[in-house]
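The values are calculated or read from the model by the stated rules, or taken from the named source; none is laboratory data. Owing to the predicted nature of the structure, the values given are computational and were not obtained by experimental measurement. Here Cβ is always computed from backbone atoms with ideal geometry, including for glycine, and neighbour counts include all displayed protein chains.
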Amino acid sequence: MTEIRNIVILTGAGVSAESGIDTFRSEGGIWEQHRVEDVATPEAYARDPDLVLRFYDMRRAAIQTKVPNAAHLALARLEAAWPRHITVVTQNVDDLHERAGSQNVIHMHGEHLNAWCTTCDTRTRWTGTLADRPPCPACGSKTLRPDIVWFGEIPYRMDEIQAALARADLFVSIGTSGAVYPAAGFVRLARERGAHTLELNLDRSQGSAWFHETRLGRASEVVTAWVDDVLR
Ligand SMILES: [Zn+2]
């Protein structure tokens, strides 16, 4: 392996699961008799905004009761100690990477703790509810929605992510199935540009064949062990 300078880390639901944050697929993915996919689309929001806002109000409240686990803490420790560049690209919409201490985090699917005003395009840190239609702090319009990339919407900051992948010497995918685009394409792009690629996951994924190396286990254990290796 060539010398590792720049690292890009993709994290998915498997990293937050041990903090008690459930995934869309867990518990049958049913909420108030609605499939979760049906409250996480622009069409659902247009059809029944109260329902969608209540769903996200519930999730926004829930994540604030959770705490980072050993995997989040290990990644923050790596970033603090690493002399070159580390980018954490996360599919997760919680703030556990930041609360663990990670500085350079790209939330490609948005953040529960942001509200987005569809009138003035301002994003505001938000810990309370939206279903009661509070006014936008910037323009006063009652048009705040969750700053979440819904099914059918385009992930955020893809140009930055692709630039980071292009200069990566090591790409690590943690706790994600690797089956969903565009994240599924990240490993291929990183490999094409010469990066070593490593998957840390509970089980082998549909994308495993694309990685040079796969290590299996719970995120809290396998990520901590990998970070210890890197910093040794
Ligand atoms: Zn506004």
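Structure notes:
- Within region 127-143, if we keep just the residues that are within 8 Å of the ligand (Cβ to nearest atom) and of a type in the set (Ser, Thr, Tyr), the residue that is farthest from Met58 (Cα to Cα) turns out to be Ser141.
- In region 148-159, the residues that are under 21 Å from Val88 (Cβ atoms) form Cβ pairs under 9 Å with partners that are part of a loop (DSSP other than H, G, I, E, B) and of a type in the set (S, T, N, Q), at six or more places apart or across chains, as follows: Pro155/Gln91.
- Whichever residue in region 144-199 is touching a helix residue (DSSP H, G or I) at 6+ places or on another chain (Cβ under 8 Å), among the charged types (D, E, K, R) and under 23 Å from Val36 (Cβ atoms) and, among such residues, is nearest to the ligand (Cβ to nearest atom): Arg145
- Condition broken by Ala138, with the remaining ones in (1) over 13 Å from the mean Cα position of the chain (by Cα); (2) closer than 25 Å to Gly12 by Cβ satisfied: (2)
- Scanning region 191-214 for residues that are touching an Asp or Glu at 6+ places or on another chain (Cβ under 9 Å), of a type in the set (A, V, I, L, M, F, W, C) and not in a strand (DSSP E or B) returns Ala195, Trp210, Phe211.
- The one condition from (1) over 30 Å from Asp48 (Cβ atoms); (2) touching a residue at least 24 places away in the same chain (Cβ under 8 Å); (3) in contact with a helix residue (DSSP H, G or I) (Cβ under 7 Å, 6 or more places away or on another chain) that Ser205 does not meet is (3).
- All conditions in (1) in contact with a Lys or Arg (Cβ under 9 Å, 6 or more places away or on another chain); (2) farther than 23 Å from Leu198 by Cβ; (3) aromatic (Phe, Trp, Tyr) hold for Phe151, with the sole exception of (1).
- Every pair of residues 6+ apart whose Cβ atoms lie under 6 Å, when the first sits in region 128-139 and is within 13 Å of Arg54 (Cβ to Cβ) while the second is near the ligand (Cβ under 8 Å from one of its atoms) and at pLDDT 95 or above: Leu130/Leu144
- Selected residue (only one of Thr124, Thr176 is assigned to a loop (DSSP other than H, G, I, E, B) and within 30 Å of Ala61 (Cα to Cα)): Thr176
- Residue in region 64-83 that is hydroxyl-bearing (Ser, Thr, Tyr) and outside any loop (DSSP other than H, G, I, E, B) present: no
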